[in-house]
1. Of the numbered conditions (1) touching a Lys or Arg at 6+ places or on another chain (Cβ under 6 Å); (2) modelled with pLDDT of 85 or more, residue 62 satisfies every one except a single condition; which is it?
2. Among the listed residues 113, 57, identify the single one that is on the phi < 0 side of the Ramachandran plot and touching a residue at least 12 places away in the same chain (Cβ under 8 Å).
3. Scan 79, 104 and give me the residue that is surrounded by 10 or more Cβ atoms within 10 Å (Cβ to Cβ), out of contact with any Cys (no Cβ under 9 Å at 6 or more places or on another chain) and in contact (Cβ under 8 Å) with a residue 24 or more places away in the chain.
4. When residue 84 is evaluated against the numbered criteria (1) at pLDDT 85 or above; (2) among the hydrophobic types (A, V, I, L, M, F, W, C); (3) in contact with a Gly (Cβ under 7 Å, 6 or more places away or on another chain), which criterion, by number, is the only one it fails?
5. How many of the residues in the stretch 4-34 are within 8 Å of the chain's Cα centre (by Cα) and in contact (Cβ under 8 Å) with a residue 60 or more places away in the chain?
6. Please tell me if residue 72 is touching a helix residue (DSSP H, G or I) at 6+ places or on another chain (Cβ under 6 Å) and either in a helix (DSSP H, G or I) or surrounded by fewer than 10 Cβ atoms within 10 Å (Cβ to Cβ) (or both).
7. Scanning the stretch 1-15 for residues that are surrounded by fewer than 11 Cβ atoms within 10 Å (Cβ to Cβ) and among the hydrophobic types (A, V, I, L, M, F, W, C), which turns out farthest from residue 77 (Cα to Cα)?
8. Kindly indicate whether residue 29 is modelled with pLDDT under 85 and exposed (fewer than 15 other Cβ atoms within 10 Å of the Cβ).
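The values are calculated or read from the model by the stated rules, or taken from the named source; none is laboratory data. Since the structure is predicted, the reported quantities are computational estimates derived from the model, not experimental observations. Every residue, glycine as well, gets a Cβ built from its backbone with ideal geometry; the counts of neighbours run over all protein chains shown.
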Amino acid sequence: MELGSLMDSISRKEGVEAQKSRTITKVKDKKDTADKLSTGKFTIKGIFKSKDGKASETQSILQSISQGEKDIQNFDIIKNYLIIYLAEIAIPAFKYQKAQNYIKAMSAFCHQEISNSQLQQHCWSDFMESIKKAKVTK
């Protein structure tokens, strides 16, 4: 479960990069549309609009472009935070916990093996005592 959470965190970091790429593409497309609207070129969005409607649409697109550019910068910030979090907190904590679990398991294994060897020693000692007590007649 912990490994799954860690892998999910890493994939979300990669997802931020994918979102950034999609946003870059959308901003580029909106810039092209805004350029076409401002120069009076043919666009599907501007075909049925008046001059004021085109200006309003251009203004709306420019605001959307501005927000998209802010989002792109924020995606970089989020990605950097995720990288730092994963590298300095999540992965070291995961490794530490797994090492502690391994140490506990090996310690329990060692104690059990010591107990088993003591029981085996008692068994063979008892067997030796039984042999010494046995009298063999001819």
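1. With (1) touching a Lys or Arg at 6+ places or on another chain (Cβ under 6 Å); (2) modelled with pLDDT of 85 or more applied to residue 62, the lone miss is (1).
2. Only one candidate qualifies: 57.
3. Selected residue: 79, the only one of 79, 104 that is surrounded by 10 or more Cβ atoms within 10 Å (Cβ to Cβ), out of contact with any Cys (no Cβ under 9 Å at 6 or more places or on another chain) and in contact (Cβ under 8 Å) with a residue 24 or more places away in the chain.
4. With (1) at pLDDT 85 or above; (2) among the hydrophobic types (A, V, I, L, M, F, W, C); (3) in contact with a Gly (Cβ under 7 Å, 6 or more places away or on another chain) applied to residue 84, the lone miss is (3).
5. Residues meeting the conditions: 5.
6. Against the criterion (touching a helix residue (DSSP H, G or I) at 6+ places or on another chain (Cβ under 6 Å) and either in a helix (DSSP H, G or I) or surrounded by fewer than 10 Cβ atoms within 10 Å (Cβ to Cβ) (or both)), residue 72 qualifies.
7. Among those that are surrounded by fewer than 11 Cβ atoms within 10 Å (Cβ to Cβ) and among the hydrophobic types (A, V, I, L, M, F, W, C), it is 1.
8. Considered against the rule, which asks whether it is modelled with pLDDT under 85 and exposed (fewer than 15 other Cβ atoms within 10 Å of the Cβ), residue 29 comes out as no.
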